[in-house]
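Report on the following structure.
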Amino acid sequence: MLAAILSLTVLGAILGLVLGIAGRLLAVATNPIVDELEALLPGTNCGQCGFPGCSGAAAAIADGSAAPTCCPPGGKAVAAALAEKLGLSLDLSGMADDGPKLAVIAEDLCIGCCRCIKSCPTDAILGAPKQIHNVLKEACTGCAACVDHCPTEAVLMQPVPVTLQHWVMPKPMAA
């Protein structure tokens, strides 16, 4: 019994050491600016910007092939943060920002075609073929990828409902 415990301990220590050395020798160097820009993006990986996820969008913004305003879910706040990080001047007057929204399915219009389920990048839509679908609000990122795929226009984007968990006291009006 003692020999088995000792041999597994030695084996674990040796394999841990080998993995630690391999992690240092085979580490992939990344651009620190791309990492910082990716941290500023929402991280929903919805693809609305035309890039495969937020890491692709961050790389495109860093090399100048995409504008800081390319992220629709991020809105004006993310675009301003990206432009400030890169030292760019940005005109946000033409950019629409309606605030965060969530997908909602109108049950009387849903026919259960499952097209919205297949297009959702976060699997936030529940349902089965020929059954009414529903959206998990906790998983929905508001990317609106499901809206264009619904043939009956049953999927709508609505503002995030005000609840005790999401309520923020408004700033007082200046006199």
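The values are calculated or read from the model by the stated rules, or taken from the named source; none is laboratory data. Fair warning: this is a prediction, and the values are worked out from it, not measured in the lab. Reconstructed Cβ throughout: ideal geometry from the backbone, glycine too, with neighbour counts over all protein chains shown.
What are the residues in segment 20-36 that are farther than 30 Å from LYS85 by Cβ and either hydroxyl-bearing (Ser, Thr, Tyr) or loosely packed, with under 10 Cβ neighbours inside 10 Å (or both), if any?
Listed by number, the list holds a single entry, LEU25.
Does GLY142 count as within 17 Å of ASN45 (Cβ to Cβ), touching a residue at least 12 places away in the same chain (Cβ under 8 Å) and touching a strand residue (DSSP E or B) at 6+ places or on another chain (Cβ under 8 Å)?
yes
Do we have ALA59 as in contact (Cβ under 8 Å) with a residue 12 or more places away in the chain, closer than 30 Å to LYS118 by Cα and not β-branched (Val, Ile, Thr) here?
So ALA59 passes the test.
Test ASP63 against the criterion of being loosely packed, with under 12 Cβ neighbours inside 10 Å and touching a strand residue (DSSP E or B) at 6+ places or on another chain (Cβ under 8 Å), and give yes or no.
no
Among the residues that make up segment 156-166, is at least one of them out of contact with any Asp or Glu (no Cβ under 7 Å at 6 or more places or on another chain), crowded, with 17+ Cβ neighbours inside 10 Å and assigned to a loop (DSSP other than H, G, I, E, B)?
no
May I ask you to say which residue of ALA39, ALA57 is buried (at least 18 other Cβ atoms within 10 Å of the Cβ), closer than 23 Å to ALA96 by Cα and modelled with pLDDT of 90 or more?
Result: ALA57 is the single residue among ALA39, ALA57 that is buried (at least 18 other Cβ atoms within 10 Å of the Cβ), closer than 23 Å to ALA96 by Cα and modelled with pLDDT of 90 or more.
Regarding CYS70, is this residue touching a residue at least 24 places away in the same chain (Cβ under 8 Å), in a loop (DSSP other than H, G, I, E, B) and surrounded by 13 or more Cβ atoms within 10 Å (Cβ to Cβ)?
No.
Out of LYS118, LYS130, I need the residue that is outside the structural domain of CYS46 (by TED's automatic domain parsing) and over 30 Å from ALA60 (Cα atoms). Which one?
On inspection, the qualifying residue turns out to be LYS130.
For segment 79-110, which residues satisfy the criterion of being closer than 29 Å to GLU153 by Cα, modelled with pLDDT of 85 or more and surrounded by 15 or more Cβ atoms within 10 Å (Cβ to Cβ)?
LEU102, ALA103, VAL104, ILE105, CYS110
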